[in-house]
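In what follows, a structure is listed as structure tokens, so that the remarks can point back to it.
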Amino acid sequence: MPSIPWLLREPNPNAGAHLICFPYADAPASLFTGWRIPGVDVLPAILPRHGEPLSRVRQFAEHIAGDVTRRVSGRYFLLGYSMGAWLAHAVATVLAERAAAGPERLFVLSAPPPHRFSSLPGLPDDDIVEAIIGLGWAPESDRDEIRADASAVSARHPTPRVLSCPITVIGGAGDPRCRLDDLLAWRETTHGTVSVHLVETGRFTVTEQRDEIIRNTARETGAAARHVDPIAVIGMACRFPGATSPAGLWELLRDGRSAVGPVPADRVTHPHRPMMRVGGFITDVDRFDAGHFGFSTREAHRSDPRLRLLLMMVQEAIDDAGLLPSDIAGPRTGIWVGESHSDYWDLAAPIVPPNLYSLSGGGLKSFLSGRVSYFFDLQGPSITLDTSCSASLTAIHTACRALRNGEVDAAFAAGAHLVLNPDAGPSHGLAKALSPRGRSAFASVDADGYVRAEGIAVVLLKRLVDAVRDGDPIHAVIEGSAVNANGRSGRNIVTTSVPGQVRMMREALADAGCHPSEIGYVEAHGPGTPVGDDVELTALHEVYGANPAPCLVGSVKTNIGHLEPAAGIAGLFKAVLALQRGQIPASLHHKKPAPIIDWDRSALRVPTALEPWPLAGHRRAAVSSFGLSGANAHAIVAAPPARTGARPRHPPRSWNLRRYWYTEMLAR
């Protein structure tokens, strides 16, 4: 039960604004539970049932007003439907009398102002009902509903207390219960402006006019001041350990297999004292279709294989969306790439002196995105970013922001990482975090570290409304996301923190207009380090642990290892695939739950076998990614909308691959 008894659930303290919604008496609070306004925390109120003591409006309003000022932080708005608007008005009145911070705006749905009954003092409930019907404010068929509302206000015939907040009134143009002059009478209750919006309908109901109400509310709360459209994932392509496509990754996950294995012979390792004995590796990192991308042989040899693979993945993502490169070329498409370190540069530079080919081939980080923009003629933003392990999910978040803000109409977001020299600097610096057993055992009592891994992945994104309009195939929908930093809240700079993660998760939920109870699965960062897992599980329990239904939590790192800067997009791929199929794969190597949280009292649970989605209704998942530098990212992802007539995807592409490697330059 929430600690605020008149609210259906706890307020999200990280939401930018709150909308407290009052139904009519005897109406269920669930009347508003399906409302989603990105950036606004929708809080359905629980009204007392007909005949209960709290039906006295003034007493209930004073109770609510006290809680509002104590517990609802930041900006807030009040909304009332039918005579629930009278309770919202009474709350605003109490706050004004106390000189407390009142609502920024009052929303009224199909109701006259309460003072219109001030001429009916002393009338019993039945007489008030007769008066309402006689005045033409409701038809005879609504007698029982009006009696319930009349009972809720019969103990108080309010006067037109003049408020200062603006009021938005929404009603039906042809609703006989509430004519235009009744709605305009709200002007007598405030010094602020009153705007009236009429919906072309007869009888006005919240259920039937929900979308129109939400659009008006989003505009008036400021949520529509920025683009709040969800973002559609229309194209996906990847090279992950054990998988050369999203379909291949799903087979790996569905079958509960691990792609972690010995370090390949073509990687540079110390023959007697290797830093890494196992890892998650992809094949054919030295292969490239130079002709397709206009590379000369010399240029291909010098170019970083991360760039070469990235170019091919962008092309495959375009194919997966059923598009041609010409369809996305131009000034309205951008690319964001998350990366961290180039082993190829470190290996090649001492042997083959760098030149312009080396720099423009990915030796300089900016060319990972820049070269893709050049080849595909993408004239929007071209950004390579590094937040260490959260880089690729941060790239996705940033691309979504550019789409929402109208900066671009299409965006590529990617992660690129290769472990070509397992004995290089990163392995030395991370040695204590690596698992001696060569596996990631997220949330398990015997977790002892992670396994380094590599991969390249790309998603092609568009605003959902545009994707539907254009007939794009849709894999999933990113409804919201957030990024932040731990600051000094962690034990040290490389130790993530519970407060930082909790704040980030709640900000992402608020951005999506989503409640934690709607999330059926969390793809955790889940590296399998004892300290990292304990911090993350504690934060997850605080945000998602009170869900009324099970919330499964797992990590793709148990299958393919930790892809470091590409880890976040790997987690997104797993979440998207699970959402599409309504199944959640096992999180491997899970022996016994880590004791950091009380699992018996938490909604969280780690799946150890393939399971059906734990919640009915529209499927939603969350994805986390945390950087070693203290930068965090979290995204809310939903299953694609049910629709027909989407454009077909192109079949898998055949590449003309040849070997290109820096050592080939020595023979020339």
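Calculate, axis by axis, the spread of Cα positions in the range 419-542 along the three principal axes, and write the results as whole Å, longest axis first.
The principal-axis extents, from largest down, are 51, 36, 27 Å.
Pairwise over distinct Cα atoms, reciprocal of the mean inverse distance: report the Kirkwood radius of the range 576-631 in Å, one decimal place.
13.6
In whole Hz, with x marking every Gly and Pro, tabulate ³J(HN,Hα) for the range 296-308 from phi via Karplus 6.51 cos²θ - 1.76 cosθ + 1.60, θ = phi - 60°.
Karplus values, whole Hz, x for Gly and Pro: 6, 4, 4, 5, 5, 4, 7, 6, 4, x, 4, 5, 4.
Give me the extension gain from His272 to His618: residue separation times 0.36 nm, minus the current Cα-Cα distance, reported in nm with one decimal.
Stretched fully, the His272-His618 segment lengthens by 119.2 nm.
Given a cut-off of under 8 Å on Cα pairs at least six residues apart, what relative contact order in percent is computed for the range 539-654?
Normalised by residue count, the contact order of the range 539-654 is 30 percent.
Count the DSSP beta bridges whose two residues both fall in the chain, then state the antiparallel fraction as a percent rounded to the nearest 5.
So the antiparallel bridges amount to about 45 percent of the total.
In the calculated pair distance distribution of the chain, what percentage of Cα-Cα distances lie above 44 Å?
31
Averaged per residue, what accessible surface does the chain expose to a 1.4 Å probe, in Å²?
Averaged over the residues of the chain, the accessible area is 37 Å².
Tell me the carbon and sulfur percent of the accessible area for the range 523-625, rounded to whole percent, probe radius 1.4 Å.
That share works out to 52 percent.
Using just the helices of the chain, give the 222 nm mean residue ellipticity in deg cm²/dmol: DSSP H runs with n ≥ 4 each add -39,500 (n - 2.57), and the total is spread over all residues, rounded to 500.
Computed ellipticity for the chain at 222 nm equals -8500 deg cm²/dmol.
Rounding to the nearest 10 and keeping the result within 0 to 90°, find how far the Cα-based axis of helix 143-153 lies from the longest principal axis of the chain.
Once rounded, one gets 90 degrees.
If you roll a 1.4 Å probe over the range 213-344 with all protein chains in place, what percent of the accessible area is carbon or sulfur?
The value for the range 213-344 is 50 percent carbon and sulfur by accessible area.
Report, by chain and number, residues whose modeled amide H sits under 5 Å from the one on Leu434, excluding near sequence neighbours (fewer than 5 apart, same chain).
Tyr450
Using amide H atoms built in the peptide plane, which far-off residues or other-chain residues are under 5 Å from Leu163 H to H?
So Leu163 has HN proximity to Thr190, His191.
In whole Hz, what ³J(HN,Hα) sequence does the range 399-409 give by Karplus (6.51, -1.76, 1.60; θ = phi - 60°), x for Gly and Pro?
Taking θ as phi minus 60°, the curve returns 5, 4, 4, 5, 5, 5, 7, x, 5, 9, 10 Hz for the range 399-409.
If amide hydrogens are placed 1.01 Å from N in the peptide plane, which non-local residues have theirs closer than 5 Å to the one on Thr201?
For Thr201, the qualifying residues are Ala173, Gly174.
Using a 1.4 angstrom probe on heavy atoms only, work out the carbon and sulfur share of the accessible area of the range 378-513 in %.
Here carbon and sulfur together make up 54 percent of the probe-accessible area.
Cα to Cα, under 22 Å, and not fewer than 8 places away if on the same chain: which lysines meet these conditions relative to Lys557?
Counting by Cα, and skipping residues close in sequence, Lys557 has these lysines nearby: Lys432, Lys574, Lys591, Lys592.
Across the range 521-531, in residue order, what do the Karplus-derived ³J(HN,Hα) couplings come to in whole Hz, using 6.51 cos²θ - 1.76 cosθ + 1.60 with θ = phi - 60° and x for Gly and Pro?
8, 10, 7, 6, 4, x, x, x, 8, x, 5
The values are calculated or read from the model by the stated rules, or taken from the named source; none is laboratory data. Bear in mind that the values here come from a model prediction, so they are computed numbers and not experimental data. Remember, those area values only see protein heavy atoms, side chains included, never the ligands or the DNA or RNA. Shrake-Rupley method; radii C 1.70, N 1.55, O 1.52, S 1.80 Å.
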